[in-house]
Amino acid sequence: MAAEADILEELRRLRARVPQLTGALAADARGLVLAQDTPGVDPESVAALTTSARGLAAQLADATGQGDFRELLVRGVFGYVATYAAGRGAVLTLLAQDRVNVGRLHLEGRRAGARIGELVDAAPAAPVKPAAKPTAPRPRATRASRAKPAGAPAQATDPPTAPAVARTTTES
């Protein structure tokens, strides 16, 4: 994917502009990593969690009449996790030290999110495997009965059968 290299380059430029960033990744709407620069952090887990958090944030914004999702900021004891909308379905997630200038983080994060959104939205969609062609159900072939007609001679390949014994019971 040509856009992956461009997205990765944008992440590296962003980390150069904001030295307190400890990681950056871009993910699609399904939570799949598009590009990442997150040393010491599992990017797939972060992308999946980001997608979940983005979904909840979008629901919260909608339920409160705030409009479409734009960004989400989480502050932990050791720093920040900031998520920005990037185009129609992707997100940019930034990890930053606690001493980061949050205004600068937002400024650069929003710019990078817009640029990554342009790259993702301009990239051709991944080829979709065509659905299997529906087939009409086959008519079931009727099987010939294996029972021999009465009085037919036994063949050498027929298994031997035990004679049937009729039993009757009487009650007293």
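Quick look at the values:
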| quantity | calculated |
| --- | --- |
| Any hit, the stretch 94-110, residues being in a helix (DSSP H, G or I) and in contact with a helix residue (DSSP H, G or I) (Cβ under 8 Å, 6 or more places away or on another chain) | yes |
| Some residue of the stretch 72-81 being open to solvent by less than 30 Å² (accessible area, probe 1.4 Å), in contact (Cβ under 8 Å) with a residue 60 or more places away in the chain and outside any loop (DSSP other than H, G, I, E, B) | no |
| Identity of the residue in the stretch 37-48, modelled with pLDDT of 95 or more and under 20 Å from Arg110 (Cα atoms), that ends up most open to solvent (accessible area, probe 1.4 Å) | Val46 |
| Test for Ala123: is it under 15 Å from Ile7 (Cα atoms), modelled with pLDDT of 95 or more and surrounded by fewer than 19 Cβ atoms within 10 Å (Cβ to Cβ) | no |
| Selection status of Gly87, modelled with pLDDT under 95 and either touching a Lys or Arg at 6+ places or on another chain (Cβ under 6 Å) or not polar (S, T, N, Q) (or both) | yes |
| Condition check for Leu60: assigned to a helix (DSSP H, G or I) and either at pLDDT 95 or above or open to solvent by 60 Å² or more (accessible area, probe 1.4 Å) (or both) | yes |
| Number of positions in the stretch 82-99 that are open to solvent by 70 Å² or more (accessible area, probe 1.4 Å) and within 21 Å of Val18 (Cβ to Cβ) | 1 |
| Hey, Asp28 of a type outside the set (Val, Ile, Thr), free of Cβ contacts under 8 Å to residues at least 60 places away in the same chain and either closer than 13 Å to Ala90 by Cα or open to solvent by less than 80 Å² (accessible area, probe 1.4 Å) (or both) or not | no |
| Criterion (within 20 Å of the chain's Cα centre (by Cα) and on the phi > 0 side of the Ramachandran plot) met by exactly one of Gly55, Gly67, Gly40, Gly31 | Gly31 |
| Residue within the stretch 93-115 that is within 24 Å of the chain's Cα centre (by Cα), within 16 Å of Arg12 (Cα to Cα) and among the β-branched types (Val, Ile, Thr) present | yes |
| Only one of Gly67, Gly79, Gly55, Gly40 that is of a type outside the set (Val, Ile, Thr) and touching a helix residue (DSSP H, G or I) at 6+ places or on another chain (Cβ under 8 Å) | Gly67 |
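The values are calculated or read from the model by the stated rules, or taken from the named source; none is laboratory data. These figures come from a predicted structure and were not determined experimentally. Virtual Cβ from ideal backbone geometry, glycine too; neighbours counted across all protein chains shown. Areas reflect the complete protein model, heavy atoms only, side chains present, ligands, DNA and RNA absent. Shrake-Rupley method; radii C 1.70, N 1.55, O 1.52, S 1.80 Å.
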